[in-house]
Amino acid sequence: MSRKTLPRFQFGGFQLPLKVRIQATKNVMSDAGPVSRALGLIAEVEPREAKAVVISFVYFFFLLASYFILRPLRDTMGTVYGVAHLQELFTGTFLLSFVVAPVFAGLASRIRLAVFLPWVYGFVAITMLLFYVLFQSDANDRWIAAAFYVWLSTFNLLIVSVFWSLMADIFSSAQAKRLFGFIAAGGSVGAISAPTFITLFVNAVGTNTLLLISAAGFTITAFLVRLLEAEKRKLVATDEEAQKTTLDHSLGGNPFDGFMLLFRSPYLLMIALFVLLMTWISTVIYFQLGDLISKEFASPAARTQAYASIDLATNSIAALIQLFGTGRFIQRFGVTTALLLNPLIIVVAFLAVAFSPVLLVLGGVQVVRRVSEYAIAKPSRDMLFTVVDQQSKYKAKNVIETVIYRFGDLTSAWLSAAVLPFGVVGMAVLGIVIAACWFPIAWLIGRRYENVPGSSLVDGPVIAAAR
């Protein structure tokens, strides 16, 4: 057994006794450094994985902190444009996402991934500087507000999709079950830091300064991607369990490969349907919450703080679960159960809203929904891509998590606008119906993933089975 590898404990059908397993683990961890030992205790991180996991954690921290520091501002710009017209912003976001997805795939087809991926975040940083100039000229202009809302709502999905594509390209299915929850906690900590900063300092620094802070954060994120790329090369050479792909090449193909891969694969189509139903749920809640917050708070600053408070509560709870519970839950109960948990919670939450349709309850439902999504459903959904090929990881995944996601936003936005006159109770009934359809899809896709032969591998038979 290697000094840098935790013992496997199982050989064929024989498993070592518990005392032997515990002692073997202690022996390995005693050889590791203090950081590796701490990570091993918290999230079962093996010493050889520790550096890549730490970089991934910090990378996701800066990524989500840089986005979440702007999300309350985005939601506020939605109210500046007009809550009654949010479906128009959702339409614009979908159309822009439909353009961005093939552009992303086209660039990935021609530029080495090692060069292209950092520049995704560098480009976002540049756009934040441009919006800073625009907001300095007129922060209350409806069209500037609309442009900011649409752009932020487009790139936020892209940057997170790129992150998890890279994670699925570094870690195998077996590693993902142990590590993805802990890595996701880095994003949650970043998402906690941002609304905390806003709540405490937004009145002192002003909302426009948030754009400069975000630009700096995305620049740091680009640098961390380069560090992680170097670590991936080491894992490919030294870690038998890690994915054996490389980033030192372009993906080839054409800008529309993501769409073609999606429609050729029943497995990917089921993931897309899962995401579509999830977005319907989130958009229904978003519309009603925006309506109630607009009625409750008159000023944009007060609305920004209300949205930030919801984000703070959500990410604080999610971070604790991700750090100490997600990996253990998924290893104990499996990916299928993790995927089923979200629609089950939604049904219970909407029943509570139907009986008590007030802002406090709806805000609580938003917190519960996001916690279950961020802490359990999202890491589980990203694990589904560990058993597909590199083209699908970057191109098809991007289409699912931008175009399909925003198509769900668009369709549910117009549906939510139609339900809005019926109030929170009408929204709750609609949400329960959607969750009832969501449940069987979650079960089917979870079983398909768990039945892939050798799901910790990335060779041809696994890819073929996944499709």
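The values are calculated or read from the model by the stated rules, or taken from the named source; none is laboratory data. This is a predicted model, so every value here is computed, not measured. For neighbour counting, all protein chains shown are included, and Cβ atoms are generated from backbone atoms with ideal geometry for every residue, glycine included. In case anyone asks, the SASA skips ligands and DNA or RNA and just uses the protein heavy atoms, side chains included. Shrake-Rupley method; radii C 1.70, N 1.55, O 1.52, S 1.80 Å.
Mind running the shape call on segment 106-222? Use the C-alpha gyration tensor, a ≥ b ≥ c as the square roots of the eigenvalues: rounded below 1.5 for a/c, prolate if a/b tops b/c, oblate otherwise. Oblate is the answer for segment 106-222, as a/c is 1.5 or above yet b/c matches or exceeds a/b. Taking 0.36 nm per residue of separation and subtracting the Cα-Cα distance, full extension of the segment from A436 to L320 would add 38.9 nm. When the Cα gyration tensor is reduced to axis lengths a ≥ b ≥ c, the ratio a/c is 1.5 or higher for segment 195-238, and with a/b above b/c it is classed as prolate. If one takes the longest principal axis of the Cα atoms in the chain, at what angle in degrees, from 0 to 90 and to the nearest 10, does the Cα axis of helix 405-419 lie? It works out to around 40 degrees. Using the 1.4 Å probe convention, the accessible area of the chain works out to 39 Å² per residue with neighbouring protein chains retained.
Between Q331 and Q136, the simple label model (points 7 Å from Cα in the Cβ direction) yields a spacing of 5.1 nm.
Each of W119 and T199 was given a label point 7 Å from its Cα along the Cα-to-Cβ line. The distance between the two points is 4.0 nm. With 0.36 nm allotted per residue and the present C-alpha distance subtracted, the E241-A174 stretch has 23.3 nm of extension available.
In the neighborhood of M77, defined by Cβ-to-Cβ distances under 15 Å, what is the net charge if each Lys or Arg adds +1 and each Asp or Glu adds -1? Present the calculation step by step, with values, prior to reporting the outcome.
Values: positive: R71, R74, R142, R303; negative: D75, E88, D138, D141.
Taking every Cβ under 15 Å from that of M77, the sum is 0.
Separation of segment 60-81 from segment 294-313 is 12 Å, based on Cα centroids.
Computed over neighbours whose Cβ is under 12 Å from that of A237, the net charge equals +2, Lys and Arg +1, Asp and Glu -1.
How do the peptides 150-158, 390-398 rank, highest first, by the average count of neighbouring beta carbon atoms within 10 Å per residue? It would help to have the intermediate numbers written out before the result.
Details: 150-158: 21.1, 390-398: 24.9.
In decreasing order of mean packing, 150-158, 390-398 become 390-398, 150-158.
Placing a label point 7 Å from the Cα of S309 along the Cα-to-Cβ direction, the residues of segment 162-193 whose backbone N falls under 20 Å of that point are 191-193. Residues whose amide H comes within less than 5 Å of that of S172, counting only those at least five positions distant or on another chain, are Q243 (H built at 1.01 Å from N in the peptide plane).
For the chain, the longest principal axis of the C-alpha atoms and the axis of helix 86-110 are separated by about 40°. In the chain, carbon and sulfur make up what percent of the accessible area (probe 1.4 Å)? It is 71 percent, rounded to a whole number. Compared with the dominant Cα axis of the chain, that is its longest principal axis, helix 142-170 is turned about 10°. If you look at the Cα atoms of the chain, you get an Rg and a Dmax of 21.9, 70 Å. When nucleic acids and ligands are ignored and a 1.4 Å probe is applied, D409 ends up with an accessible area of around 10 Å².
Would you work out if segment 52-121 is rounded, prolate or oblate? Take a ≥ b ≥ c from the square roots of the eigenvalues of the alpha-carbon gyration tensor; rounded if a/c is under 1.5, else prolate when a/b is larger than b/c, oblate otherwise. If you can, show how the numbers build up before the last one.
Numbers: a/c = 4.09, a/b = 1.41, b/c = 2.91.
Judged from the Cα gyration tensor, segment 52-121 comes out oblate (a/c at least 1.5, b/c at or above a/b).
Over 18 Å between C-alpha atoms is what I'm after, so list which of K177/K234; K232/K395; K244/K378; K51/K395; K244/K393 land there. Kindly include the intermediate steps, with their values, before the conclusion.
Details: K177/K234 21 Å; K232/K395 20 Å; K244/K378 24 Å; K51/K395 27 Å; K244/K393 14 Å.
Violating the 18 Å Cα-Cα cut-off are K177/K234; K232/K395; K244/K378; K51/K395.
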